[in-house]
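The values are calculated or read from the model by the stated rules, or taken from the named source; none is laboratory data. Given the structure is predicted, the values throughout are model-derived calculations rather than measurements. Counting neighbours? That spans all protein chains shown, and the Cβs are built from the backbone with ideal geometry, glycine included.
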Amino acid sequence: MNAIKELLHDVPQYLQQHRYRELGDRIGRLVREHPGEIGGYRIALARLLALGNDWAAVSTLLPPNTNSLETSGWLNSMACAKPVDQAGRPIPWFTYPAIDFLTQIMRPAWRIFEWGSGHSTLWWADRVAAVTSVEDDKAWYETIRSRMPENAMLLWHGEAAEYVQAMADQQARFDVVVIDGSHRNACAQIATEFVTDTGLIVFDNTDMLVHREGVETLNACGWQRIDFYGLIPSCYYKNCTSVFFRAPESLRPAVWPGGIASCVGPTCDQALQARKDACG
């Protein structure tokens, strides 16, 4: 067994026992001593290496609850390779700024349609009236369908045409349409037909060249766009999640910024105020 296979065999034990520093040291030695064996494992090892820092010490040195890599759940998501928050609850694989923005303007009565399902479906379902999602990966569909709550409907369509047409088949209009699965350019072609007058289209990974056609389709239809660049769960790199809208009033937050519970945790001022209140 070569060095990389030995390491991967032992990773679950390191993670279960929270021996992140030891794991980080071992990965560092592997990178230095066996660079030729790393191959296609570079990103996975980089993700694990992030956990090797002494994050407990970092958090101790900072004002309480101001290490946003911890309070956002980013470190937790790196450990499990899933989009989750600090408590392990599912969040969308959108950029953190986009998640925060959507949280500010979200309404409990919303009805959501998603091309592409998963943790985002669970996140929406916990906050709005109803979610309908369509999936074309049968294995993933089978994996997540048992987790769907009563207000979430999960569809499976393996053929491209049926997958794209799934929203039209609902014969309804939605408050938010999410383009975050397969055939995104084709989905963008029909998305505008089934959004309410004050509704939104959330298009993920709009920075990718392969999705440029879909973005330009929505631009040409007269939709306004706000781009949210930023870090995403379980990854080092940043992406762009775009929110398209027609009615500016649909973007009006319900509360002032200091009163918002951000997905990345409290701001420095919020954390200091909370500590001050706790101390009387």
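Criterion applied to Ser120, Ser146 was being within 29 Å of Lys238 (Cα to Cα), assigned by TED's automatic domain parsing to the domain that holds Trp223, of a type in the set (Ser, Thr, Tyr) and in a helix (DSSP H, G or I), and the one residue passing it is Ser120. Would it be correct to say that Arg212 is out of contact with any Gly (no Cβ under 8 Å at 6 or more places or on another chain) and either buried (at least 17 other Cβ atoms within 10 Å of the Cβ) or assigned to a helix (DSSP H, G or I) (or both)? Judged against the criteria, Arg212 is a match.
One line per residue, one yes/no per condition, for (1) farther than 16 Å from Asp175 by Cα; (2) in contact with a strand residue (DSSP E or B) (Cβ under 9 Å, 6 or more places away or on another chain):
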site: Glu216; (1), (2): yes, no
site: Asn219; (1), (2): yes, yes
site: Gly222; (1), (2): yes, no
site: Ile226; (1), (2): yes, yes
site: Ile232; (1), (2): yes, yes
site: Lys238; (1), (2): yes, yes
site: Phe245; (1), (2): no, yes
site: Leu251; (1), (2): no, yes
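Segment 1-65 holds helices (runs of 4 or more DSSP H) entirely within its bounds, and those carrying 1 or more residues that are hydroxyl-bearing (Ser, Thr, Tyr), under 30 Å from Cys268 (Cα atoms) and modelled with pLDDT of 90 or more map to 55-61.
Once segment 251-280 is narrowed to residues that are outside any loop (DSSP other than H, G, I, E, B) and within 22 Å of the chain's Cα centre (by Cα), the residue that is farthest from Val202 (Cα to Cα) is Pro257. When we screen Ser59, Ser72 for residues that are within 30 Å of Thr121 (Cβ to Cβ) and among the hydroxyl-bearing types (Ser, Thr, Tyr), the only hit is Ser72.
Each residue in segment 119-137 was checked for being under 15 Å from the mean Cα position of the chain (by Cα) and either among the small types (Gly, Ala, Ser) or closer than 12 Å to Trp156 by Cβ (or both), and 2 of them qualify.
Filtered by the rule that a residue be touching a Gly at 6+ places or on another chain (Cβ under 8 Å) and buried (at least 22 other Cβ atoms within 10 Å of the Cβ), segment 164-179 gives Phe174, Val176, Val177, Val178, Ile179. Among the residues of segment 138-184, which ones are of a type in the set (D, E, K, R) and free of Cβ contacts under 8 Å to residues at least 24 places away in the same chain? Hits for segment 138-184 are Lys138, Glu142, Arg145, Glu150, Glu159, Glu162, Asp169. Looking at this structure, is Gln104 assigned to a loop (DSSP other than H, G, I, E, B) and farther than 22 Å from Gly214 by Cα? Here the answer is no, as Gln104 does not meet what is asked. Determine if segment 89-97 includes at least one residue that is without any contact (Cβ under 8 Å) to a residue 60 or more places away in the chain and of a type in the set (S, T, N, Q). No: zero hits. For beta carbons closer than 6 Å, sequence separation of 6+ or different chains, a first residue in segment 54-65 that is on the phi > 0 side of the Ramachandran plot and a second that is of a type in the set (A, V, I, L, M, F, W, C), the qualifying pairs are Asn65/Ala271.
Does at least one position in segment 199-207 carry a residue that is farther than 16 Å from Trp93 by Cα and surrounded by fewer than 21 Cβ atoms within 10 Å (Cβ to Cβ)? Scanning segment 199-207 turns up no residue that is farther than 16 Å from Trp93 by Cα and surrounded by fewer than 21 Cβ atoms within 10 Å (Cβ to Cβ). From the list Tyr236, Tyr229, the one residue that fits, being in the same structural domain as Ile105 (by TED's automatic domain parsing), loosely packed, with under 14 Cβ neighbours inside 10 Å and closer than 26 Å to Lys82 by Cβ, is Tyr236. Just to be sure, is Thr192 in a strand (DSSP E or B), surrounded by 17 or more Cβ atoms within 10 Å (Cβ to Cβ) and free of Cβ contacts under 8 Å to residues at least 40 places away in the same chain? No.
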